1. Grab the strands (runs of 3 or more DSSP E) fully contained in segment 75-129, keeping just those with 1 or more residues being aromatic (Phe, Trp, Tyr).
2. Restricted to segment 147-195, and to residues that are among the hydroxyl-bearing types (Ser, Thr, Tyr) and within 23 Å of the chain's Cα centre (by Cα), which residue is surrounded by the most Cβ atoms within 10 Å (Cβ to Cβ)?
3. Show the residue pairs meeting these rules: Cβ distance below 6 Å; 6+ apart or different chains; first residue within segment 53-74 and of a type in the set (D, E, K, R); second residue open to solvent by less than 40 Å² (accessible area, probe 1.4 Å).
4. Does Ile19 qualify as being assigned to a strand (DSSP E or B), within 21 Å of Val81 (Cα to Cα) and touching a Cys at 6+ places or on another chain (Cβ under 6 Å)?
5. Looking at segment 55-69, which of its residues are polar (S, T, N, Q) and either in a strand (DSSP E or B) or crowded, with 22+ Cβ neighbours inside 10 Å (or both)?
6. Out of segment 130-146, which residues are within 16 Å of the chain's Cα centre (by Cα), acidic (Asp, Glu) and in a strand (DSSP E or B)?
7. From the list Thr64, Thr78, which one is under 18 Å from Glu111 (Cβ atoms) and hydroxyl-bearing (Ser, Thr, Tyr)?
Amino acid sequence: YNIRFDDGTEAYINSGSYIEFPKSFINRECRMVTLRGEAYFKVAKSDKPFIVQASGVDVTVYGTEFNVNTNKEGRVETILVSGSVGVKKSGTDNEIVMVPDQLLTYNLESEETQLVEVDPTEYLSWMTGDFTYSDRSMFELLDDVSRFYNIEIEKDEMLEDQLITINLSRRLGHRQIIEILESALGLEFISTGNKTYRCKTNF
């Protein structure tokens, strides 16, 4: 769903996500929101910085488009589409400045960061109603499917290092998605209860 703040900034919120924000940014030193989950921001230009607090990480901008994701276990991902953003651990001054088409991953346990160039459209496919992955982890796909359809998937450890390239529509029901994954990727989903599955590999 879409939220428009009083300064003109827009936020597109992914499923299963939570955002906290004030009714107005007027008479505040900065425009600050708190995010748990994933959201895409189109930040209106202003002299006041716009700060997204996400799992102990601050993403600071003045006017730009970017995506923040805290759904990945143990890390926070920021993808910059246009403009520039600064990313740092909350309460510190060691800020990393990003340029467009970069993905910055912050490891919450080790506090290490990784900055790589990516195609943002792949990571933003949730906004167009798709699951799109190119040489990415099978675990990542299964976690996203589980979160989007509100189902539980117990994953085979052998899948952790498997990389996949696939594009699926989120308009399909979860049973249709499971059927496609079984036929296309050689997986087997065993129902273990109401909307719970154990996923094993047949390769």
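The values are calculated or read from the model by the stated rules, or taken from the named source; none is laboratory data. Just so it is clear, the model here is predicted, and its values are computed rather than measured. Here the Cβ positions follow ideal geometry from the backbone for every residue, glycine too, while neighbour counts run over all protein chains shown. We work out accessible area using only protein heavy atoms, side chains counted, and drop any ligands, DNA or RNA first. Shrake-Rupley method; radii C 1.70, N 1.55, O 1.52, S 1.80 Å.
1. Details: elements: 75-82, 85-89, 96-98, 102-107, 113-117.
Correct list: 102-107.
2. The first filter runs over segment 147-195 and keeps only residues among the hydroxyl-bearing types (Ser, Thr, Tyr), leaving 149, 165, 169, 183, 191-192.
From the residues that got through so far, the ones that are within 23 Å of the chain's Cα centre (by Cα) too are 149, 165, 169.
On the way: Tyr149: 18, Thr165: 10, Ser169: 13.
Only one residue fits best here, namely Tyr149.
3. Asp58/Ile51
4. Values: assigned to a strand (DSSP E or B): yes; within 21 Å of Val81 (Cα to Cα): yes; touching a Cys at 6+ places or on another chain (Cβ under 6 Å): no.
For Ile19, the condition - assigned to a strand (DSSP E or B), within 21 Å of Val81 (Cα to Cα) and touching a Cys at 6+ places or on another chain (Cβ under 6 Å) - is not met.
5. The answer is Thr60, Asn67, Asn69.
6. From segment 130-146, those within 16 Å of the chain's Cα centre (by Cα) are 130-134, 136-146; that's our starting set.
Checking the rest, the ones that are also acidic (Asp, Glu) come to 130, 140, 143-144.
The one that is within 16 Å of the chain's Cα centre (by Cα), acidic (Asp, Glu) and in a strand (DSSP E or B): Asp130.
7. Values: Thr64 fails: under 18 Å from Glu111 (Cβ atoms).
So the residue among Thr64, Thr78 that is under 18 Å from Glu111 (Cβ atoms) and hydroxyl-bearing (Ser, Thr, Tyr) is Thr78.
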